[in-house]
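Since the structure comes first, as structure tokens, the remarks are kept for the end.
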Amino acid sequence: AVLKMRQSCLWLAVVLLLTEVCSFALSGLPLRGRLADELARLPARALVRILEAAARSEQDPHLFRRRLQDARLNATVGLEDFETIADVASRKLAWRGFAVRIILITGQLRVESLLQAQMHSFLQAADLVVLVTWSGAVTPDHWLREAVAEAGPARLQLREVVASEANTMSVVVPSLTTAKAQDTLFRFGLGAVEQSLALLRPGATLSSVDAVVLKTRPDVYLPQWLVRHAFELDYAVKPQYAARPFLYRVWVPFLDAVQPFYIADEAFSASLLDMWHLCWVPATLRPVPKTMGRGRFHVNRWLMPFLPWYPLLFAYRRNAYDITDKLMEPGAADPKHTGSQRAAAMQSSLVLDLAASQQLRPEVDAYLMQLLALWYRLIVTFFRVGGGATTGAAGSQGVILLVQGDATITNRGSYLELRGVRCSPGAFGFKPSASEQIMDHSLADCVPRGVDAAAGLARANKESLHFARPAFSAAFAELILQGQVPVDGVSERIAAAANAGFSPPMHFASVHGHVGALHYGRFEEELQTQWCADFAWASSLRWSEVCDNRRQQDDTAMHAPTLPVEYCCFPAALHCPAWLAWGTLNFVLQLFHSVIAMPNAAELNEEVEGCCHDTHCVSVLLGLCHARKDLRQQAFDDMCRREGLRAICTVASAAKKLPALWVPSTRQEWNRAVQVPLWRPAADALQV
């Protein structure tokens, strides 16, 4: 009787819970219907302004509130209503072509001769050219000022930005200086383009969906045919995906076939509205060592717009199974290989090699297939890639060139003489057209070609001569999803994962999106395994040597044999504290020294370095490793009570305060953001 009563109570609790969930889900339907009706009745320009504010809502929620007030909506709008806004926008703002074409050039004028040689063709192809650079870079008698005066502000503009004080993180991490500067100029340029729309069509009312913007840099060579191609593309997105996140498609010169969201940002084009999505979220400029792979700044720029809409990407953001960080990492070369075979083996992704030979654990393999299937689906849905060729040699050729700072460019009338090409993924296999001859012997050194669309992923991985596998066409993704490539152990399983069901976009603030985001670890800590190489392995070992389970494992590989290899090779959970990596500890030490100017920074640095090179101290640090977070914290508290570890505890405590990678705000955080900033510089957090 007692058992039956307990079962009855349990069933009653389940019924009540389901009733509550259904009530919550259905309660908003009438409100959403009313909101959709109100949005549909808005003028197109008012709806565009709401979408513009939504694209910037994480960084400026005030703007979103103001745009809603301007629209005078009666229905209450919250973060969970972004799906309704996207539904209405997909119908009301379907792509029908662009009214104006704009070229936005941002960056330092390192290669002025290239810019001067291309300016005439830019002015021919575009309605407006906007150049944004740092104040002081253009002297009073510079040729650019004469060109601006001759063309007029409706055709050519020079915008100069006063350099602000160095970003806190940039002082410590030099690579951030470039990223922060790029983002500053990019935002300023988008604002300048927005302000200039009225000049382009006097009397007409243009908005950000009427303008296509081709963003480039002064050191990028864009062939004339490519500029025309980017402007003449079909940018339409299927209605069920429009505004989730991009309203229209985006053109990019290449993207990576292996690493999701490793996409070229030297040049790309999109509507002015969608360009606002591609500004870096401030938190993504903070380094989280060894979690995002080699192209982390590229990945962060392109991942963030998609993150709120596709729950699986929360696992990718937090480096689930260490896949995000290791996907581009090569395996160890086989001594039997020689020549080009050995060179290719040293660049072949170990993760894909293990997947092709069925050597990954089932749960890791399933996640990888789902991730790549989603990546390819997003490519096909939202991107135009390269020069338009699909298969064959033309489909695997680069379409842009990056030139070095000391390059020389001479316009010979019938062709451009260019010397000083940078061999980058965008330049691989570049073939100049007959009317645009480029005389540079260094192009012959750019040996690697792009991914062959018909070859399949495993072969493309095996034949790679660079850590990147650039694809100059979206055809490779289409063919893999359709199962039209050779069976290779990977491509057909990606197709199977895609055919098993592609989850539609769902915003994380909606009921179903919230469940999906939690399932994929939206609030979980980033996983990193750098501590293995720093503290647990012999210094001569590489990750590929330890984690390639096809090799004979050496018991002496680990300094601490009590730690299983599974802690370091595709771990299912974070075992050691995220701060336990020399890169993170050193980063905090530099903050102490350079930014906060702590009086005892040098002493702390000496003690921490001493601990990291002391066998006993390292064994104490590795004792903090455990799958349960509470036990890791307990071990940390116990360690800090000991004598001689004060420096490690001080630095580790500061490292734990460093902000994690960006996670979209919860509804409550977003609603409070009108009063409370969403982020704070890391140095301020450390000082607090």
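Can you find, within region 511-543, the residue that is least open to solvent (accessible area, probe 1.4 Å) among those that are of a type in the set (Gly, Ala, Ser) and in a loop (DSSP other than H, G, I, E, B)? Spell out how you get there, then give the answer.
Residues of region 511-543 of a type in the set (Gly, Ala, Ser): 513, 516-517, 521, 533, 536, 538-540.
The next check asks that each one be in a loop (DSSP other than H, G, I, E, B); those that pass are 521, 538-540.
On the way: 521: 2, 538: 27, 539: 118, 540: 95 Å².
Among those that are of a type in the set (Gly, Ala, Ser) and in a loop (DSSP other than H, G, I, E, B), it is 521.
Here residue 552 passes the criteria (1) modelled with pLDDT of 90 or more; (2) outside any helix (DSSP H, G or I); (3) of a type outside the set (A, V, I, L, M, F, W, C) except the one numbered (1).
What do you reckon, is residue 397 modelled with pLDDT of 80 or more, open to solvent by 20 Å² or more (accessible area, probe 1.4 Å), closer than 15 Å to residue 110 by Cα and touching a Gly at 6+ places or on another chain (Cβ under 6 Å)? First the steps, then the outcome.
Details: modelled with pLDDT of 80 or more: yes; open to solvent by 20 Å² or more (accessible area, probe 1.4 Å): yes; closer than 15 Å to residue 110 by Cα: no; touching a Gly at 6+ places or on another chain (Cβ under 6 Å): yes.
Answer is no for this residue.
Name the single residue, out of those in region 59-74 being aliphatic (A, V, I, L, M) and without any contact (Cβ under 8 Å) to a residue 24 or more places away in the chain, that is farthest from residue 37 (Cα to Cα).
Here is the first cut: in region 59-74, the ones aliphatic (A, V, I, L, M) are 63, 68, 71, 73.
Next, from what is left, pick out any that are without any contact (Cβ under 8 Å) to a residue 24 or more places away in the chain: 63, 68.
Working: 63: 23, 68: 15 Å.
Filtering region 59-74 for residues that are aliphatic (A, V, I, L, M) and without any contact (Cβ under 8 Å) to a residue 24 or more places away in the chain, the one farthest from residue 37 (Cα to Cα) comes out as 63.
Of all residues in region 560-577, those being at pLDDT below 85, out of contact with any Leu (no Cβ under 8 Å at 6 or more places or on another chain) and in a loop (DSSP other than H, G, I, E, B) number 3. Confirm whether residue 234 is over 25 Å from the mean Cα position of the chain (by Cα) and at pLDDT 95 or above. For residue 234, the condition - over 25 Å from the mean Cα position of the chain (by Cα) and at pLDDT 95 or above - is not met. Would you confirm, using the coordinates I've provided, whether residue 48 is β-branched (Val, Ile, Thr), open to solvent by less than 30 Å² (accessible area, probe 1.4 Å) and in a helix (DSSP H, G or I)? Judged against the criteria, residue 48 is a match. Of the listed requirements (1) at pLDDT 85 or above; (2) closer than 19 Å to residue 530 by Cα; (3) open to solvent by less than 60 Å² (accessible area, probe 1.4 Å), residue 557 misses just one: (1).
Just name the residue that is modelled with the lowest pLDDT out of those in region 363-386 that are not hydrophobic (A, V, I, L, M, F, W, C) and not in a helix (DSSP H, G or I). So that I can check it myself, show each step before the final result.
First pass over region 363-386, keeping only residues not hydrophobic (A, V, I, L, M, F, W, C): 363, 365, 367, 370, 376-377, 381, 384, 386.
Filter once more, so that each one left must be not in a helix (DSSP H, G or I): 384, 386.
Numbers: 384: 96, 386: 92.
Going through the qualifying residues, I end up with 386.
Scanning region 662-682 for any residue that is at pLDDT below 80, part of a helix (DSSP H, G or I), open to solvent by less than 60 Å² (accessible area, probe 1.4 Å) and closer than 19 Å to residue 289 by Cα turns up at least one such residue.
When the helices (runs of 4 or more DSSP H) confined to region 582-643 are screened for residues that are under 18 Å from residue 654 (Cβ atoms), open to solvent by less than 70 Å² (accessible area, probe 1.4 Å) and not hydroxyl-bearing (Ser, Thr, Tyr), those reaching at least 3 such residues are found at 582-590, 601-612, 629-640.
Is it the case that region 205-212 has a residue that's within 26 Å of residue 117 (Cα to Cα), buried (at least 20 other Cβ atoms within 10 Å of the Cβ) and among the aliphatic types (A, V, I, L, M)? There is at least one residue in region 205-212 that is within 26 Å of residue 117 (Cα to Cα), buried (at least 20 other Cβ atoms within 10 Å of the Cβ) and among the aliphatic types (A, V, I, L, M).
When you check residue 390 against the structure, is it of a type in the set (Ser, Thr, Tyr), open to solvent by 20 Å² or more (accessible area, probe 1.4 Å) and at pLDDT 75 or above, yes or no? Against the criterion (of a type in the set (Ser, Thr, Tyr), open to solvent by 20 Å² or more (accessible area, probe 1.4 Å) and at pLDDT 75 or above), residue 390 does not qualify. Of all residues in region 353-362 being of a type in the set (Gly, Ala, Ser) and part of a helix (DSSP H, G or I), which is nearest to residue 571 (Cα to Cα)? So the residue we want is 355.
Could you go through region 101-121 and let me know if any residue there is over 27 Å from residue 226 (Cβ atoms) and among the polar types (S, T, N, Q).
Restricting attention to region 101-121, the residues satisfying the condition of being over 27 Å from residue 226 (Cβ atoms) are none.
No, region 101-121 contains no residue that is over 27 Å from residue 226 (Cβ atoms) and among the polar types (S, T, N, Q).
Every listed requirement among (1) open to solvent by less than 30 Å² (accessible area, probe 1.4 Å); (2) over 14 Å from residue 386 (Cα atoms) is met by residue 231 save one, (2). Of all residues in region 113-142, those that are open to solvent by less than 60 Å² (accessible area, probe 1.4 Å) and in a helix (DSSP H, G or I) total 10.
Against the criterion of being of a type outside the set (Ser, Thr, Tyr), surrounded by fewer than 21 Cβ atoms within 10 Å (Cβ to Cβ) and in contact with a Pro (Cβ under 6 Å, 6 or more places away or on another chain), residue 109 qualifies.
Search region 190-219 for residues that are closer than 16 Å to residue 250 by Cβ and pair each with any residue that is basic (Lys, Arg) when their beta-carbon atoms are under 8 Å apart and the residues are at least 6 apart or on different chains. Close Cβ pairs (under 8 Å, with a partner that is basic (Lys, Arg)) amount to 211/101; 212/101; 214/101. Considering only region 592-612, I want to know if a residue exists there that is of a type in the set (Phe, Trp, Tyr) and at pLDDT 85 or above. No - not one qualifying residue is present in region 592-612.
Among the aliphatic types (A, V, I, L, M) and farther than 26 Å from residue 182 by Cβ, is that true of residue 211? Judged against the criteria, residue 211 is not a match.
Conditions tested, residue by residue: (1) open to solvent by less than 70 Å² (accessible area, probe 1.4 Å); (2) in a loop (DSSP other than H, G, I, E, B); (3) at pLDDT below 80.
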site: 26; (1), (2), (3): no, no, yes
site: 31; (1), (2), (3): no, no, yes
site: 40; (1), (2), (3): yes, no, no
site: 54; (1), (2), (3): yes, no, no
site: 59; (1), (2), (3): yes, yes, yes
site: 75; (1), (2), (3): yes, yes, yes
site: 81; (1), (2), (3): yes, no, no
site: 90; (1), (2), (3): yes, no, no
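In the condition set (1) without any contact (Cβ under 8 Å) to a residue 24 or more places away in the chain; (2) crowded, with 23+ Cβ neighbours inside 10 Å, residue 256 is compliant with all but (1). Restricting region 453-466 to residues that are surrounded by fewer than 20 Cβ atoms within 10 Å (Cβ to Cβ) and not small (Gly, Ala, Ser), the residue that is modelled with the highest pLDDT is 459. Of the residues making up region 205-225, those that are in a loop (DSSP other than H, G, I, E, B) and farther than 15 Å from residue 43 by Cα number 5.
Restricting region 400-419 to residues that are part of a strand (DSSP E or B) and of a type in the set (S, T, N, Q), the residue that is nearest to residue 108 (Cα to Cα) is 404.
The values are calculated or read from the model by the stated rules, or taken from the named source; none is laboratory data. This is a predicted model, so every value here is computed, not measured. Cβ sites come from the backbone with ideal geometry, for glycine too, and all protein chains shown count toward neighbours. Quick note on the areas: whole protein, heavy atoms, side chains included, nothing else; ligands and nucleic acids left out. Shrake-Rupley method; radii C 1.70, N 1.55, O 1.52, S 1.80 Å.
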